[in-house]
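The structure appears below as structure tokens.
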């Protein structure tokens, strides 16, 4: 079965669904695409079925950390890159890529990031 593209995979030890009272899912993954829950399934099955865009972007950043554009209007040494529809903000600490924040692209990115850098 070919991998399905997802924006985000959240792997959790426990997930408590709101639809079934008292039910707890252990070692499950919540899969999100275009801001909506796409699937909820055991983590092993999710790893085989879904290719997360964030996984691919993190590998790209590890190889080419300066690929993102500088964002001096937000804070010194902050860069950003797109994982549609999200914007990943990060900085370089030597050879380490430090992810600062991931925000949906339709939010007021500048205000949110400036408020965090001031606080």
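Overview of results
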{"read-out": "Selection count, the range 1-17, where residues are part of a loop (DSSP other than H, G, I, E, B), modelled with pLDDT under 80 and exposed (fewer than 14 other Cβ atoms within 10 Å of the Cβ)", "value": "3"}
{"read-out": "Every residue from the range 103-114 that is exposed (fewer than 14 other Cβ atoms within 10 Å of the Cβ) and either assigned to a strand (DSSP E or B) or assigned by TED's automatic domain parsing to the domain that holds residue 35 (or both)", "value": "104"}
{"read-out": "Hits in the range 73-102 (condition: more than 12 Å from the chain's Cα centre (by Cα) and outside any strand (DSSP E or B))", "value": "73, 74, 75, 76, 77, 94, 95"}
{"read-out": "Pairs with Cβ under 9 Å, 6+ apart, first in the range 39-61 and over 9 Å from residue 9 (Cα atoms), second in a helix (DSSP H, G or I) and modelled with pLDDT of 85 or more", "value": "60/67; 61/67"}
{"read-out": "Members of the range 18-62 that are farther than 16 Å from residue 82 by Cβ and in a helix (DSSP H, G or I)", "value": "43, 44, 45, 46, 47, 48, 49, 62"}
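The values are calculated or read from the model by the stated rules, or taken from the named source; none is laboratory data. The model shown is predicted, which means the values in this text are computed figures rather than measured ones. Using ideal geometry, Cβ is built from the backbone for each residue, glycine included, and neighbour counts are taken over all protein chains shown.
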